Structure formats: structure tokens, C-alpha cells
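For reference, the structure is listed below as C-alpha cells.
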Amino acid sequence: MFAERVLSGMRPTGSLHLGHYHGVLKNWVRLQNEYPCLFFAADWHALTTQYDDPRGIERATWDMVIDWLAAGVDPKKATLFIQSQVLEHAELHLLFSMLTPLGWLERVPTYKDQQEKLSNKDLSTYGFLGYPLLMSADILIYRADKVPVGEDQIPHVEFTRELARRFNHLYGRAPDFEDKAREAVKRLGSRNARAFEQLRTRFQQDGDAGAVERGHALLREAKSLSSADRERLAGHLEGTGKTILVEPGYLLTEASKMPGLDGQKMSKSYGNTITLREDAASVTRKIQRMPTDPARVRRADPGDPDKCPVWQLHLVYSGAECRERLDRECRSAGIGCLECKQPVIDGILAEQAPMRERAQTYLDDPALVRDILADGAARAGELARETMRDVRAAMGLNYRSGDD
Ligand code: TRP
Ligand code: SF4
């Protein structure tokens, strides 16, 4: 288990489909075994485009979280919560809004793109413009080191990095910086800690440039450090220490190769999906009705798998041996399309079986889901409040005695 923290969010769009499973969710399930992970439903983000009809968001959030659990996201390993249940996101978003130049927001590529794409709606709102700012608050409030996102979200993570730099630049160092740095030195292990302190002294007392380089190399190689600690120690080493918010990195989630029922990418907007927990009869019907190689009009016509959308699904669900046989029999008209589709149907149903089973537990007892999300919000809230204390202190907003 690495020390770095992973955070990702998903806008609640309702039931997820197999494209989500093969793209995002399998990735989350893998990450939860490697890192401390926080995954949340970005319900406020849904409001940026659905402010005119927010009633469906609750249900969509619910269905989505059950789908996460169905897919194997494990609340014992990862922290799952709903954005709006941790109010500190809103506070940080507001503080950020004070220091963010409008031009930064207007330049984010998704801003104009989405406005044009959803042109039937008035998206010249304050909240929509601030979408990346809210996302920055989501990320920075947890001092996330790694943010798994699809390609379209990378500009938002880059925006977040710039904002963290601006914040750190404006508000300097956290007041307890030295204490935290000393704690972080300990996490290097005693041998490295001693070496690190020597290098630091050599640099700060004697201006030894080689020492500062070796100090940075030591930090890069120290696997036990989170990025927050690493940045803190870099500041400690050079005597500049000005990390309040941590610049996150992203983990690019590869676009799902899952094809939809028409051979295009699977996507709700194309109406070509199979949902994660779709019932068996409907899955069977949808696959049976899928178009095949258009040249195969009659059973006796030979086909070409490369021109058949069903083949794309065989690439996901069928083993090499099965594929080799089907390829041969398609080209020689030795097999009918319905028969050829059966292994795909079987493959999807087998993949869904454990998901349906896991989901059933939660559908039977919704209190389980409520508890998971309440626990998650409590854990996330603790982390968020810790960051907010530093943020308020850095900005001189710690009036209340309970804050320190
Ligand atoms: N904007 C993301 C999307 O549409 C969702 C999101 C909101 C998010 N806040 C986040 C993703 C923070 C990662 C981190 O997919
Ligand atoms: Fe497609 Fe299979 Fe029919 Fe060939 S036999 S056209 S691969 S469904």
C-alpha cells in the first residue's frame, strides 16, 4: 500500500453501464487495493447543468453508488461519500472564488465546449463557470496526490494545480509547518532522516548546492512519503517551506474499449448501452437484435467479423480459442449470427452475476448504503476539516477559538 492518496468523483447520471465498468470502475477497484482512496458522488456538480430540474439527482446518486458497490468498490477499503455531505467543499470553493481570476475560468476548454453542446440550456451561470473551481476544492481539500480522470478532465486537474500554486504563493506557509516537517522527517526512517538533516544543514549553513540536489534525490526515492510530505520536506530542505495545498497529479483512466450495441462507443447519449445490472432477458434481447455484418443478409452468405459490431464484443468477452473458431465459421458461413452471439450473451451475464448479487444485498437493505455513505462523509469530513484549519489559518480567518 502506498502512502499517496487517491481521490475521484463522478457526477450522478443515474444507472451506470458496462462502459463505465470497463473504463472507470474496474480501475477504482484496482486502485482501492493499492492506495487509500476517496470516491464521491459529485451531486453539486450535477446541479451546474441540472439546476432547472434537480429532483432526479438524489435518485441518480443512489443508483450510482449502488452500482459502485455492485462493481466491487469496497467500503472497507475505500471511503465513499456524497459531495454535499461534506460542507467544507463549499467553504473552500467560496474562499477560492475570491482569488481566482475570471480569465482562468473562461479559458478552461470545457467551459465554452459544454455551453455550445448544451445550447438548449442557459449555462451562462455563476455556478457553471465555477465548475472547475468546485472541482479544485474537491481535490485540494483532501490533499489528494493522484486523481484518476478521463482525458476530458485533465484541464481541470491542471487548473487545480495552478490554483494550489496561487494559493500557496498568496498565503505563504502554514503556521505549524515546522512541526509537520519534523514529523515528515521521521517518516523517512532513521537512516534517511539523519542523512536528510545533514544535507539540509550543509545546504542552509554552507550553501552546498550538491547537498540540496542529493536531498531532493533522497525525497524522490523515499517511497514511504505522500506528496504532501514530499513537498513539505522539499520546502524544509531549502528553507522556503510554503506548502498549504498540495498540487495533485492525475492518473489518466484509459478510455473504455467497451463498444455499444451499434459498434460506436457505449454511451448513454447514443442509447446503445447495457446497464450494469440489466436483467438477463433484456441483455439477451439486446444482443440478439444487434446488427451484424451488413453483407450477411442470408444465413448462407459468408461474413466478415471485422465489419461486425458483435465482433467488438467478442474481443471483450470471448477467449482466443472461441474467437478463432467463430472467425473461421463466420467467413465460411458455417455458423448463424444468433449462434455466434451466444458466447457474448453468456460472457456479459457471467460478468453481471456477481454484480447483481452484490447489489441485491443493498437493495434489500438500503440502510446499509446510508451507513456506508454516512461513515464515508464522517471520515472525509475529518480530513477536510484538517485542511480547512490550515487554510483558514493561512488566510488569517481563525477567529473562532475552537479552531486551533
Ligand atoms: N468533473 C468530473 C467529471 O465530470 C467529476 C468530478 C467532480 C471530479 N469533482 C472531481 C473528478 C474531483 C475528480 C476529482 O467526471
Ligand atoms: Fe458477426 Fe458472428 Fe454474424 Fe459473423 S457470424 S457477422 S461475427 S455475428
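Scan Pro12, Pro36 and give me the residue that is in contact (Cβ under 8 Å) with a residue 12 or more places away in the chain, within 15 Å of the chain's Cα centre (by Cα) and open to solvent by 40 Å² or more (accessible area, probe 1.4 Å).
The match here is Pro36.
Going residue by residue through segment 146-154, is there one that turns out to be under 19 Å from Gly9 (Cα atoms) and open to solvent by less than 10 Å² (accessible area, probe 1.4 Å)?
Yes, the conditions are met somewhere in segment 146-154.
Report whether or not Leu251 is more than 17 Å from Val344 (Cβ to Cβ) and touching a Pro at 6+ places or on another chain (Cβ under 6 Å).
Yes, satisfied.
Mind listing just one residue for me: the one in segment 280-289 that is surrounded by fewer than 19 Cβ atoms within 10 Å (Cβ to Cβ), among the aliphatic types (A, V, I, L, M) and in contact (Cβ under 8 Å) with a residue 12 or more places away in the chain and, of those, nearest to ligand 2 (Cβ to nearest atom)?
Taking the candidates together, the pick is Val283.
I'd like to check something: does segment 179-201 contain any residue that is more than 12 Å from ligand 1 (Cβ to nearest atom), farther than 26 Å from Phe39 by Cβ and touching a Ser or Thr at 6+ places or on another chain (Cβ under 8 Å)?
Yes: one or more hits.
Conditions tested, residue by residue: (1) of a type in the set (Val, Ile, Thr); (2) out of contact with any Gly (no Cβ under 7 Å at 6 or more places or on another chain).
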position	(1), (2)
Ala3	no, yes
Val6	yes, yes
Met10	no, yes
His20	no, yes
Leu25	no, yes
Val29	yes, no
Pro36	no, yes
Ala42	no, no
Thr48	yes, no
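Regarding segment 172-189, can at least one residue be identified that is in contact with a strand residue (DSSP E or B) (Cβ under 7 Å, 6 or more places away or on another chain) and either basic (Lys, Arg) or assigned to a strand (DSSP E or B) (or both)?
Checked segment 172-189: no residue is in contact with a strand residue (DSSP E or B) (Cβ under 7 Å, 6 or more places away or on another chain) and either basic (Lys, Arg) or assigned to a strand (DSSP E or B) (or both).
Looking only at segment 241-279, count every residue that is more than 22 Å from Arg356 (Cα to Cα), outside any loop (DSSP other than H, G, I, E, B) and either in contact with a strand residue (DSSP E or B) (Cβ under 9 Å, 6 or more places away or on another chain) or open to solvent by less than 20 Å² (accessible area, probe 1.4 Å) (or both) and tell me the total.
Qualifying residue count for the region: 5.
Look at segment 295-334 and say how many of its residues are out of contact with any Cys (no Cβ under 9 Å at 6 or more places or on another chain), in a loop (DSSP other than H, G, I, E, B) and surrounded by fewer than 16 Cβ atoms within 10 Å (Cβ to Cβ).
So the count comes out to 9.
Would you pick out the residues in segment 1-58 that are in contact with a strand residue (DSSP E or B) (Cβ under 7 Å, 6 or more places away or on another chain) and either within 16 Å of ligand 2 (Cβ to nearest atom) or among the aromatic types (Phe, Trp, Tyr) (or both)?
Trp28, Tyr35, Phe39, Phe40, listed by residue number.
Which residues, taken from segment 124-169, are over 28 Å from Gly235 (Cβ atoms), assigned to a helix (DSSP H, G or I) and touching a Leu at 6+ places or on another chain (Cβ under 9 Å)?
Gly127, Leu129, Tyr131, Glu151
Check Met388 against each of (1) assigned to a helix (DSSP H, G or I); (2) outside the structural domain of Ser15 (by TED's automatic domain parsing); (3) open to solvent by less than 70 Å² (accessible area, probe 1.4 Å) and name the one condition it does not meet.
Result: Met388 fails condition (2) only.
Could you list, in sequence order, the residues of segment 41-70 that are open to solvent by less than 10 Å² (accessible area, probe 1.4 Å) and among the small types (Gly, Ala, Ser)?
Across segment 41-70, the qualifying residues are Ala41, Ala42, Ala46, Ala70.
What residue, among those in segment 335-346 that are part of a helix (DSSP H, G or I) and open to solvent by less than 30 Å² (accessible area, probe 1.4 Å), is nearest to Ser282 (Cα to Cα)?
Among them, the one singled out is Ile345.
If a residue must be of a type in the set (A, V, I, L, M) and touching a residue at least 60 places away in the same chain (Cβ under 8 Å), how many such residues does segment 215-240 contain?
So the answer is 2.
If a residue has to be farther than 14 Å from Gly23 by Cα and in contact (Cβ under 8 Å) with a residue 60 or more places away in the chain to count, how many in segment 241-267 make the cut?
Final tally of qualifying residues: 10.
So which residues in segment 337-351 are among the hydrophobic types (A, V, I, L, M, F, W, C) and without any contact (Cβ under 8 Å) to a residue 60 or more places away in the chain, if there are any at all?
Cys337, Leu338, Cys340, Val344, Ala350
Considering only residues that are in a helix (DSSP H, G or I) and hydroxyl-bearing (Ser, Thr, Tyr), look in segment 64-103 and name the one that is nearest to Ala42 (Cα to Cα).
Ser84
Taking the conditions exactly as written (open to solvent by 20 Å² or more (accessible area, probe 1.4 Å) and in the same structural domain as His89 (by TED's automatic domain parsing)), does Glu351 satisfy them or not?
The answer is no for Glu351.
Here's a check for you: in segment 15-30, which residue that is open to solvent by less than 10 Å² (accessible area, probe 1.4 Å) and under 10 Å from the mean Cα position of the chain (by Cα) is farthest from Ile274 (Cα to Cα)?
Top of the filtered list is Trp28.
The values are calculated or read from the model by the stated rules, or taken from the named source; none is laboratory data. It should be emphasised that the depicted structure is a prediction, and the values quoted were computed from it without experimental measurement. Positions of Cβ are backbone-derived with ideal geometry, glycine not excepted, and every protein chain shown enters the neighbour counts. Remember, those area values only see protein heavy atoms, side chains included, never the ligands or the DNA or RNA. Shrake-Rupley method; radii C 1.70, N 1.55, O 1.52, S 1.80 Å.
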